[in-house]
1. Six or more apart or on different chains, Cβ atoms under 9 Å: show the pairs whose first residue is in the stretch 189-201 and within 16 Å of R64 (Cβ to Cβ) and part of a helix (DSSP H, G or I) and whose second is within 13 Å of the ligand (Cβ to nearest atom) and of a type in the set (F, W, Y).
2. Return the residue satisfying two criteria in turn: it lies in the stretch 247-265 and is near the ligand (Cβ under 9 Å from one of its atoms) and of a type outside the set (F, W, Y), and of such residues it is surrounded by the fewest Cβ atoms within 10 Å (Cβ to Cβ).
3. Within the stretch 108-143, take every residue that is more than 16 Å from the ligand (Cβ to nearest atom) and basic (K, R) and give me the one that is modelled with the lowest pLDDT.
4. Filter the stretch 288-339 down to the residues that are among the basic types (K, R) and surrounded by 14 or more Cβ atoms within 10 Å (Cβ to Cβ) and list them by number.
5. Picking from T281, T244, which residue would you name as being crowded, with 21+ Cβ neighbours inside 10 Å and over 18 Å from A309 (Cα atoms)?
6. Quickly run through the stretch 266-289 and pick out the residues that are outside any helix (DSSP H, G or I), within 11 Å of the ligand (Cβ to nearest atom) and either under 17 Å from L208 (Cα atoms) or not charged (D, E, K, R) (or both).
Amino acid sequence: MTEVRERRGAIEAAAERVRAQYGGAIGRRREALVTPALVLDIDAAQRNIERMAARLRELPAGIRPHIKVHKSPELGRRQVEAGAFGLSTATVWEAMVMAEAGIDDLFVVNTVAGPDKIRALAELARGTRLRVAVDEIDNARALSAAAVAAGGTLGVMIEVDTGMDRCGVDTAEEAVALARGVVELPGLRFDGLTGYEGHCSLTPEHDLRLEKQQTAMNFFTGVADAIAAAGIPVGVLSAGGTGTWEWTASNPRITEIQAGTYCVIDNFHGHMAPGFDHSLTVQATVISRRPDRVIVDAGNKSMGAGALATIVGHPELESFRFDEEHGIFAAGQGSTLKVGASVALIPGYSPGTVNWYDAYHVVRDDVVIDIWPVIPRGPGHGGLLAG
Ligand SMILES: Cc1ncc(COP(=O)(O)O)c(C=O)c1O
């Protein structure tokens, strides 16, 4: 039987490891880093966190930021210190790490299957206020059995598909039936609904995105009404990513938003969420100059959505193609960049960028002041479970 490993110390061990590996960079300017290097401008990230917190103080909803974006216990702690209710995660491992970071209110915004992961969740729920998404009764039964066996209580959020065509119940009737089932199950606590409207972020046009967001939230709140009409109180209504955050947080029915990318931002989200600074960049070096191309040493093993990447200070260069170790930018009008030049790339997509790296080079005024681990890195559990 797989059991949850002793978790104390995983963050500290990762921090020590990356400081041993990359600590030589402390004190260097970003242009002097060995590339590709993940760079976090800590003051810009803090400004983003505080801007979001300040605006939310004026709006009905609170925030439970999604940390799959940054996978940083330190940024997660700062978000909670700025007033977040707790944190959202995509995986059980992320929740384990954030619990170790001292965050005691966590939501795995995903359905979780498989005995090892479910057992890990149930164990974690013993010492942490923990929620998980559910969209079918058999899965809820498995969670219930694990929670009872672990001697804890697991919060359940029924996932509603608000238009994304991913997980989630499709109709109010299905949601009501599931809620009725969940409230009968021992070891579970029915906390509310989750309905991330991620499909809206795939709609760059402002008005159409707003229309889709409103349709999604009308459906979502209608599902909540149906469950309430069946006599089951719905406490939490959670939704909202960076592409729709202000609209969703302005809806008086929504209790919390799940936006995460605002903290670091990227080019995919930037135009949809103005007012946040690009705190996350990838430092890269020009390795080849062709008459019509600039090629850097950060390809699609260093950058998520390279097609949307840009080079700071060189808006004339357009992403042409990203190969594994080559980021190729079109320089039809020529470029002053020469081989050996160090450049900062703004990621196309932050979560798919951070996940490649072991460590952040944390900079202030472009000088590295610390090295922070990306934890848990990659899709695997990284030793957080024994199995
Ligand atoms: C379920 C869920 N909630 C929230 C988010 C965060 O959204 P964003 O990255 O736009 O802030 C995501 C991102 O994919 C998500 O999958």
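The values are calculated or read from the model by the stated rules, or taken from the named source; none is laboratory data. Being a predicted model, the structure only gives us computed values, none of them experimental. As a convention, Cβ positions derive from the backbone with ideal geometry for all residues, glycine included, and neighbour counts pool all protein chains shown.
1. That search, which allows pairs on different chains as well, returns nothing.
2. Only one residue tops the list, namely Q258.
3. This residue is R126.
4. R289, R293, R321
5. Exactly one residue qualifies, and that residue is T244.
6. Correct list: M272, A273, F276.
This table checks each residue for (1) away from the ligand (no atom under 16 Å from the Cβ); (2) in contact with a Gly (Cβ under 7 Å, 6 or more places away or on another chain).
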site: K338; (1), (2): yes, no
site: G352; (1), (2): no, yes
site: W356; (1), (2): yes, no
site: D365; (1), (2): yes, no
site: V368; (1), (2): yes, yes
site: G378; (1), (2): yes, no
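Let's see how each residue does on (1) in contact with a Pro (Cβ under 9 Å, 6 or more places away or on another chain); (2) within 16 Å of the ligand (Cβ to nearest atom); (3) part of a helix (DSSP H, G or I):
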position	(1), (2), (3)
K68	yes, yes, no
L75	yes, yes, yes
Q79	yes, yes, yes
F85	no, yes, no
A95	no, yes, yes
M98	yes, yes, yes
G102	yes, no, no
L106	no, yes, no
